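For reference, the structure is listed below as C-alpha cells.
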Amino acid sequence: MTETTRDDRRRLLLQCILRARGAVHEQVLAQCLGALGGDGGELGTYVTEMNVRLRGLGYQVKRVTHALGRRYAGEQAGAEGGRFYVYVNVGASREAELATTFRPAELEFVKWAIAQVGTLGPLEAAGEQAGSAAEREVDRVLAAWQGEPCRLPQRATYAERAKTLLTYAELASSDIERLLTRLCELKWFYRTAEGSYGFDLRFLVELEEYLLENHMLMPCSTCEHVVAQGVLCTGCVAKRRDEGGCWAAWHVDCFDYQVTHVTPQCPSCEADILTAGAYLV
C-alpha cells in the first residue's frame, strides 16, 4: 500500500470535514489523521497548513467549543471533549453568503426563519424539572458547584417562535419543509424531537457577526462568542430595560468557569448568578 504524504493527509482531512457537512469533533478528526498514518497530536498544525491554502478561496477551518459543553458534545459525538473543527466561509459578507446560497424567494423565507429562531422569548418560571439538554447541562454545573442538586429560578427560550416556521404564508408547506431540511443539512439549523428548530454550530460560527448585529443574540461574557444556549443574567435584563447597558450570558463551560474560578456574581450588574440566572434554551 502506498504511504500517504503530508499533502495527501491534509487533503483527506478536509474531505472528512466536508463529508461531515462542515463540522466534526476534534477527537474524531484526530483519529482520522492517525488512520491516515499521521500523528493525531499534530492535528492543529495540519489545520493551520490547510487554512493557508484555503485563505485564497475565502474559507477557513475554525476550532470552536460547543455551547453545551465538553460532556454533552463528547457524548453526542462518541468522543471526549467539546471542541469541533468547523468549515466556514470568511470571504463573503453574511448577506452575500445568504444570497448566493438561496434563490430570492427562498432567501426571504430564510431571513424570516432566522429572525424567528433569533428572537428571545419572555422570562418564565423554570420549574423543578429540566426540560432540555441545555438545562440538564447547567444543572450538572450547579450541582458540582453547590455540592447538591439545585435549579435556576427562570428560563428564556429562542425555541417558542421557532415552532411557527411552517406558518410562513409566501411558500407552500412542502417548500418550507424542503428548505428547513436543507438548512439542517447545511448544519445551520437543527431540529428537536418536539419539532422546533435552533441554530446549529456551523451557523453560529459562520454568521456570528450577522446574528450579533441583527438579532437578539448575545456574546458570551467569558469567551465573547455568540451564545444561543447556556445561562442568561436576569439582573442585566432588568438593568438594560431600565437604564440600557450590556447583557451577560454564558455558554455551559464558560458558566462553569465563571462560578467556580472567577466569581458567582455577574460581572456586568453584580447580581448573584444563583438567584438572578436563567436558563437560556
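The values are calculated or read from the model by the stated rules, or taken from the named source; none is laboratory data. Given the structure is predicted, the values throughout are model-derived calculations rather than measurements. Virtual Cβ from ideal backbone geometry, glycine too; neighbours counted across all protein chains shown.
Quick notes on this structure:
- When MET216 is tested against (1) within 30 Å of VAL61 (Cβ to Cβ); (2) assigned to a loop (DSSP other than H, G, I, E, B); (3) modelled with pLDDT of 85 or more, just one condition goes unmet, and that condition is (3).
- Being at pLDDT 85 or above, more than 17 Å from GLY277 (Cβ to Cβ), among the hydroxyl-bearing types (Ser, Thr, Tyr) and outside any helix (DSSP H, G or I) is a property that THR119 has.
- Considering residues of the stretch 85-97 that are out of contact with any helix residue (DSSP H, G or I) (no Cβ under 6 Å at 6 or more places or on another chain) and modelled with pLDDT of 65 or more only, the residue nearest to ASP200 (Cα to Cα): VAL90
- Filter pass, ALA143 being part of a helix (DSSP H, G or I) and touching a residue at least 40 places away in the same chain (Cβ under 8 Å): no
- When the residues of the stretch 175-189 are filtered to those that are surrounded by 19 or more Cβ atoms within 10 Å (Cβ to Cβ) and either within 20 Å of HIS251 (Cβ to Cβ) or among the acidic types (Asp, Glu) (or both), the one that is modelled with the lowest pLDDT is LYS187.
- Qualifying residue in the stretch 64-81 (condition: among the aromatic types (Phe, Trp, Tyr), outside the structural domain of PRO219 (by the TED database) and at pLDDT below 75): yes
- Unique residue being in contact (Cβ under 8 Å) with a residue 24 or more places away in the chain, loosely packed, with under 15 Cβ neighbours inside 10 Å and in contact with a strand residue (DSSP E or B) (Cβ under 9 Å, 6 or more places away or on another chain) when the list is THR192, THR222, THR234: THR192
- Checking each residue in the stretch 157-184 for being over 28 Å from ALA130 (Cα atoms) and not small (Gly, Ala, Ser) picks out THR167, TYR168, GLU170, LEU171, ASP175, ILE176, GLU177, ARG178, LEU179, ARG182.
- For the stretch 146-168, a residue qualifies if it is buried (at least 18 other Cβ atoms within 10 Å of the Cβ) and either without any contact (Cβ under 8 Å) to a residue 12 or more places away in the chain or not in a helix (DSSP H, G or I) (or both), and the qualifying residues are ARG151, LEU152, GLN154, ARG155, ALA156, THR157, TYR158.
- Tally of residues being assigned to a strand (DSSP E or B) and hydroxyl-bearing (Ser, Thr, Tyr) across the stretch 169-199: 2
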